[in-house]
Every structure is written in structure tokens, then in C-alpha cells.
Amino acid sequence: MECSPKKIEKQHIAFLVLTSAKKDEKNKEVLIDNKFEFSDNPITCFNQLHQKRNEFKSLLLRAQSADELIVIIASWLTLEKKYAQTWSYVACSDNHLSVLQGKEPDPMEILAALKKVKSDNQIESIALLKDNYNNLPETIQKEVKRLTLLAKE
């Protein structure tokens, strides 16, 4: 089910009509920093994403209008795209692993694998992680491939 900004606005208008409520013209503006940059450290980067996701969930729960929802959702999607682009590694497209773009793996498995790679291989940057892609655990290879495919869209 696609949820476009126009669809959200139409649903909000329908809600207002059905409930006899009035549209609040004094909507508070949602201020979101869309210039967020992810760390080059894989674990820090991963944690930053999940921290920002929690912030967006909180903003969604507090949203009072369709306009606010639209801004929050658009900003969240921008964040997810930036995250995917941070991990994107074109050469991984050639490997045999099959991944589902829309199915995110268990975050705790990814985090455990990242910690293991850090302790075993001293990989502390995403660039170094990409350089050693073929020697990474399958869990991380699949996630890098999934994010690479998402970054293409």
C-alpha cells in the first residue's frame, strides 16, 4: 500500500469532515535536520540510524496534522536513503547471495556481526569494511548488498 503525501492529506480532510473537526491553521512546524551525516565507523553509523529512527517514531506519535506527518515521513525516508548510500558498495552486486530489499534483518544480528568484525579484523571504518567485503560474515555481506540495492532506487 503506497502512502503518498496527497493521500495522507485527503485522509486527513476526510477525518476532519467525518468528525466535524476544524483544520488547525496554526500547525506547529516540525524542525528536522536533513543534513545529518553518518559516521564512517560501522558500529557508530548503525547506532546513529537506530537512534534517529527512534526520534522519528517519537515525532510521528506527537504529530497533530497531515502536514506534520508528511514532513516527518519525507525526512525519515531521506535519512534511510542516506544510510543506504553510506553502506552502498557496487561491487557486491556480483556476489551470489540473494537478499530481499524490503526485509531488514534482525538489528541485533547485524550489530553482533559488526562487533565481531571489529574485534577479529580491526575493521573500524565503512571504507575498510568495503575493502574487505569478500572476507566478511555472510550476515554483513547480505546487509551491504541489500542496502546497495536500496540505494539504487
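The values are calculated or read from the model by the stated rules, or taken from the named source; none is laboratory data. Computed from a prediction, not measured in an experiment: that's the story for all the values here. In this analysis, Cβ positions are derived from the backbone assuming ideal geometry, glycine residues included, and neighbour counts consider all displayed protein chains. Ligands, DNA and RNA are stripped out before the accessible areas are found, and what is left, the full protein with its side chains, is counted by its heavy atoms. Shrake-Rupley method; radii C 1.70, N 1.55, O 1.52, S 1.80 Å.
Rolling a 1.4 Å probe over the heavy atoms of the protein chains gives the stretch 44-153 an accessible area of 56 Å² per residue.
Here the gap between residue 53 and residue 109, fully extended at 0.36 nm per residue and compared with their Cα-Cα distance, gives a gain of 18.4 nm.
Report, in listed order, any pair from 7/130; 35/145; 6/145 with a Cα-Cα distance greater than 30 Å. Cα-Cα > 30 Å for 7/130; 6/145; rest within.
Report the gain in length on full extension from residue 37 to residue 138: 0.36 nm times residue separation, minus Cα-Cα distance, nm rounded to one decimal. The partial results should precede the final answer.
On the way: separation 101, 0.36 × 101 = 36.36 nm, distance 2.66 nm.
33.7 nm is the gain from fully extending residue 37 to residue 138.
Across 62, 146, the residue with the most accessible area heads the list, and the full order at a 1.4 Å probe is 62, 146. In terms of the mean number of neighbouring beta-carbon atoms within 10 Å, the peptides 94-104, 76-86 order highest first as 76-86, 94-104.
Basic side chains Lys and Arg get +1 at the Cβ, acidic Asp and Glu get -1 at the Cβ, and with that the dipole of the stretch 58-149 about its Cα centre reaches some 40 debye. Take the Cβ atoms of residue 61 and residue 101, set R0 to 35 Å, and the FRET efficiency comes out at 0.85. Viscosity 1.567 mPa s, temperature 4 °C: what is the translational diffusion coefficient of the stretch 51-112 from Stokes-Einstein with a Kirkwood Rh over Cα pairs, rounded to a whole number of µm²/s? The Stokes-Einstein estimate is 92 µm²/s. Taking 0.692 mPa s as the viscosity and 37 °C as the temperature, the Stokes-Einstein diffusion coefficient of the stretch 77-141 based on its alpha-carbon Kirkwood radius rounds to 256 µm²/s.
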